[in-house]
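These notes concern the structure reproduced below.
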Amino acid sequence: MSRRHLPSLAGLQCFEAAARHLSFTRAADELSLTQSAVSKQVAQLESVLEHPLFRRIRRRLHLTPEGAVYLSEARKILAQVEMSTRYMQSYGGESDVLNVATLPTFGARWLIPRLNGFRFRYPRINLNISNRVEPFDLHQERIDVAFFFGHGAWPRAECIKLLDEEMIAVCSPEALQRVAIDQPLDVTQLVLLQSATRPEAWHDWFEAQQQYTEHSYHGPRFDTFYMALRAAQAGCGVALVPRFLAEEELQEGKLVMPWPFALKSRDAYYMAYPEHMAELYKVRSFIEWIRERATAMPEYAPQSA
């Protein structure tokens, strides 16, 4: 389909409003147009699509099956246009939006404590932080900076290593009182809490100690380390998590290690940003801020009374 035969934005807006109100008159009032203008835009859209979008039954407007399907797509298109427009409106000038993507528990436990004071040094930069678990494309998602766990490589991006990782087993003190742990396999007396993003974690933890068990993959599965930590703290079982994410609970005695072994991960945590954005003020400033605090701030600094 050539661009000349693509529907207009005005046509999509008229169709969406008419479908929402099931009335050309109300759609016209909302869009500050005449009823005939809305009707004409919808008719042109139907001509492009070669499908009727509405039908009248007893003087009332109803969506056709094709219209119901297209309504969902039209709303996605309009939402994307609005989001892109707002993004460009906030780009540069007096303020700038920095879109940051992070792993959920890493963001809550490591990143956010290191953002204190950023706004005062860089008042023009507004942070927009979102959680991401599944892989994504920095460019398509318009992400300026991403924090991830991996080998340190991201297509068309610069990567900065932040910290290594050690995986440790943790459970509540009460859970540990109910069992005797004299060797690694004794940990299986507790329910093994699984992480959806690290399905091989327990297997690797046992294997590194020359231990093998059929229970490595058995147990409740959680999307985030935070959920696994909370489950362990609630006494639901034993979780295998990065040490730095559990440091607060360990120091406060809310969690304990049933067995002292720590498995050093082959991968590490990195900060990535698109190559072509390296010199942008907002990106350069944020990277500088995080690098300053990556090593200066301890993983857990208890608050004074």
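Say whether the condition of being assigned to a strand (DSSP E or B), surrounded by 14 or more Cβ atoms within 10 Å (Cβ to Cβ), in the same structural domain as GLU247 (by TED's automatic domain parsing) and not polar (S, T, N, Q) is met by at least one residue in segment 184-193. Checking segment 184-193: at least one residue is assigned to a strand (DSSP E or B), surrounded by 14 or more Cβ atoms within 10 Å (Cβ to Cβ), in the same structural domain as GLU247 (by TED's automatic domain parsing) and not polar (S, T, N, Q). Have a look at ARG178, ARG221, ARG230 and point out the one that is modelled with pLDDT under 90 and either of a type in the set (A, V, I, L, M, F, W, C) or more than 30 Å from ASP96 (Cα to Cα) (or both). Answer to the check: ARG178. A search for C-beta distances below 9 Å between a residue of segment 124-135 that is of a type in the set (D, E, K, R) and any residue that is surrounded by fewer than 14 Cβ atoms within 10 Å (Cβ to Cβ), counting only pairs 6+ apart in sequence or on different chains, returns ARG124/GLY93; ARG124/GLU94; ARG124/SER95; ARG124/TYR281; ARG132/GLU141.
Residue check: ARG142 meets all listed conditions (1) on the phi < 0 side of the Ramachandran plot; (2) outside any strand (DSSP E or B) but one, namely (1). Taking segment 194-207 as the range and being part of a loop (DSSP other than H, G, I, E, B) and either surrounded by 14 or more Cβ atoms within 10 Å (Cβ to Cβ) or charged (D, E, K, R) (or both) as the test, the residues that pass are THR197, ARG198, GLU200.
The values are calculated or read from the model by the stated rules, or taken from the named source; none is laboratory data. Computed from a prediction, not measured in an experiment: that's the story for all the values here. In this analysis, Cβ positions are derived from the backbone assuming ideal geometry, glycine residues included, and neighbour counts consider all displayed protein chains.
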